[in-house]
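Here's the structure we're looking at; comments come further down.
Every number in this text was worked out from the coordinates using simple rules, so none of it is lab data. In this text the structure is predicted, and so the values were computed from the model without any measurement. Cβ sites come from the backbone with ideal geometry, for glycine too, and all protein chains shown count toward neighbours.
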Amino acid sequence: MADVAAARLTIDLDALAHNHAVLRAEAIGAEVAPVLKSDAYGLGAAAVGRRLWAEGARSFFVARLAEGEALRAALTPDRPATIYVLDGMTEDSGPRLDAASLTPVICTLPQVAWATAHATATGRRLGVALNLDTGMSRQGLTRDETRAIAQATDRLQGLDIGLVMSHLGSASEPDNTRNTNQLASFLNVSGLFPDARASLAASAGIFLGAAYHLDLVRPGISLYGGGPREQPDGRLKAVVTLTAPILDLRHLRPGDVLGYGDSVRIPASTRVAVVAAGYTDGVIRAAKGAGYAWFAGARRRLLIVNMDVLVIEIGDTKATIGDPVELLGPNALLDDLATAGGTVAHEILVRLSRRAERVYLGEA
Ligand SMILES: *Cc1c(COP(=O)(O)O)cnc(C)c1O
C-alpha cells in the first residue's frame, strides 16, 4: 500500500516532449542536443533520454563519465546516439570512454595530450569535442591555448574534432554586452577548426536569436520547464509536479509563534494547513515567506518549511485533511520557487527528493 502521507513527484514526459518541440522550433536549422547531466536535472536520465530519443534527439550531453556510461546503457542497443562528456577525460579514462562510445569534451591542455596519447596507444582515431573559453573563465581552452594547438597540428594527432563549443555566462540577460562579446570571440576561434560543427547556446542562449544557434544547441533547464530568463515562460510546460497531502488544519491566534525560533509571529487570526513535505522533498527552506504553494485554486503563502513538514496559510478556504497541495507544478511555478529561495531553477530540480513517490506520465 502506498504511504498515505507521501509526497508525490510526477514527471510528465509529454510535457518534456512539448518543451523539446518548442526549443526545436526556436532553434530551427540547428541540432538540439539535450543536456542530461546530474541524472537529467534529477528527473531520471534513462526515462528522459529514451523519450527525447523517440522525439528525434541523437546527441546528448552529460557531465561525468559515469553518467555517460549509465545513459549509454539506457539507450543500448536500439537507440544509437552521440553522448558528449563535459568533464572531458583523464589520463586513464580512455578505455572506459571507448567501451561506452562516449565523446569527451576536451577542455584543458593536459586533456589534449591524454587524448592524443590514447589515440596513439589504440591506433584508432578518437572523436572529441573541444570546449573553448570565450569569457566565462570557468572551463575551456583559452584563446592563446586554442591558437597554439590549432597551429601545431601534431598536437592534435589522431583526434577527430567533430564539435567546438563554448558556454555563455550572461545569456539570461539579453541586453548584456557580454553575449555579443562572447559570440564574436567564439566565431573568431571556432574559425580555426573549419571542419568542426560549432555550438554556443544553452537554454537561455537559444532565446537570444538565430545568431547564437550555429550548428548545435545544448538546452537543459528549458526542456525541464524552467524559463530561459530565470522567470516563468508561458511557452514551456511544467514537467515536474510535486504534491503532498494536508496532515492537519489549525487555527492560529494573534501572538502565536510558529515553528522553530520566534521569527514567525502571527499578527492576526488565521487558518493554516500543515503539509506532509519539507526541504527533504525539495521545497527549499529559504523559500519561506516569499514562496507559495497552490491549493484550491489560489496561491498560499509558505509560512515555514521544515525537514518533513511545511505550513501554508489558507484563510477560510474549505479544506480537508488528506487534500493534496501543489508545491511545484503548473501553478506553483518552478522559477517562482527558485526566486523565492534565492537560487536558480536548476538547483531546485536537482534537489528534488528521492523520498517522494515518483510517477512518470507519458511514454519513456
Ligand atoms: C549545464 C550546461 C548546459 C545546459 O544549461 P541550461 O541552462 O540548463 O540550459 C549547456 N552547456 C553546458 C556546457 C552546460 O554545462
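Relative contact order for region 240-361: what is it in percent, counting Cα pairs under 8 Å that are at least 6 residues apart?
Details: 262 pairs, mean separation 35.6, N = 122.
Answer for region 240-361 is 29 percent.
In the chain, Cα pairs under 8 Å separated by at least six residues give a relative contact order of 19 percent. How would you classify region 28-218 from its alpha-carbon gyration tensor, with a ≥ b ≥ c the square roots of the eigenvalues: rounded for a/c under 1.5, else prolate if a/b is greater than b/c, otherwise oblate? Since a/c reaches 1.5 but b/c is at least a/b, the shape of region 28-218 is classed as oblate.
Annotation: amide H of Leu141 within the under-5 Å range of Asn131, Leu132, Asp133, sequence separation 5 or more or interchain, hydrogens built in the peptide plane. Expressed per residue, the C-alpha convex hull volume of the chain stands at 153 Å³.
Amide H to amide H, with H built 1.01 Å from N, Phe295 comes under 5 Å of Arg300, counting only residues 5 or more places away or on other chains.
The phi torsions of region 239-246, fed into the Karplus equation with coefficients 6.51, -1.76 and 1.60 and a -60° offset, translate into couplings of 9, 10, 10, 10, 10, 8, x, 6 Hz, rounded to whole numbers, with Gly and Pro shown as x. Distance from the C-alpha centroid of region 1-50 to that of region 212-257: 13 Å, rounded to the whole angstrom. Output the 0 to 90 degree angle, nearest 10, between the alpha-carbon long axis of helix 109-122 and the longest principal axis computed from the alpha carbons of the chain. The angle comes out near 60 degrees.
Footprinting exposure proxy ranking of Arg138, Arg178, fewest other C-beta atoms within 10 angstrom first, gives Arg138, Arg178. Protection proxy ranking for 273-283, 79-89, using the average of other Cβ atoms within 10 Å per residue and placing the highest first: 273-283, 79-89.
Need the C-alpha centroid separation for region 343-364 versus region 59-122, integer Å. For region 343-364 versus region 59-122, the Cα centre distance is 26 Å. Of Met136, Met165, Met307, the sequence from fewest to most neighbouring Cβ atoms within 10 angstrom is Met307, Met136, Met165. To the nearest ten degrees, helix 177-190 and the longest principal axis of the Cα atoms of the chain are 30 degrees apart.
For the listed peptides 183-195, 292-304, 254-266, a ranking on the average number of other beta carbons within 10 Å per residue, highest first, reads 292-304, 183-195, 254-266.
The C-alpha atoms of the chain define a longest principal axis, and helix 45-54 lies at about 70 degrees to it. Extent along the principal axes, Cα only, for region 50-147: 41, 33, 19 Å, with the longest axis given first. Computed 3J(HN,Hα) for region 166-173, one whole-Hz value per residue from the Karplus formula 6.51 cos²θ - 1.76 cosθ + 1.60 where θ = phi - 60°, is 8, 9, 8, x, 9, 5, 6, 10, glycine and proline marked x.
Given region 290-337, what whole percent of its Cα pairs are spread farther than 15 Å?
I get 42 percent for the Cα pairs in region 290-337 exceeding 15 Å.
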